[in-house]
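The values are calculated or read from the model by the stated rules, or taken from the named source; none is laboratory data. On a predicted model such as this, the values are computed, not experimentally measured, just so you know. Neighbour counts are summed over all protein chains in view; Cβ atoms, including those assigned to glycine, are modelled from backbone coordinates with ideal geometry. Protein only, heavy atoms only, side chains kept; ligands, DNA and RNA dropped before computing areas. Shrake-Rupley method; radii C 1.70, N 1.55, O 1.52, S 1.80 Å.
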Amino acid sequence: PLHLTAMPRYRAPVAAAMFTPVMDETGLSAELVFDEPQRALTPGQICALYDGDRLLGGGVFATIHHE
């Protein structure tokens, strides 16, 4: 697990999140849990992951869970 910042939508401010790699039946994926609730996240959206100003990578939301 790694605490990092993520940009979940184009022009959205970066938000703190916990990134946890997960090995499942489809291969390597990850779980991203935001510190604060995020607005209007939907499957298929691209999310960029950062360590400070350094871009670490990104991914596509497969599923969204609200608590």
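Things to note:
- Charged-residue dipole, Cβ positions (Lys, Arg, Asp, Glu), the chain about Cα centre, Debye nearest 20: 340
- Across the accessible surface of the chain, with the other protein chains kept in place and a 1.4 Å probe, carbon and sulfur atoms take up 58 percent.
- Across the chain, the relative contact order, built from alpha-carbon pairs under 8 Å that are at least six residues apart, equals 28 percent.
- Solvent-accessible area per residue, Å², over the chain with all protein chains present [probe radius 1.4 Å]: 76
- Annotation note: chymotrypsin sites (Phe, Trp or Tyr not before Pro) in the range 7-67 located in DSSP loop regions with a Cβ neighbour count of at most 14 within 10 Å are TYR10, PHE61.
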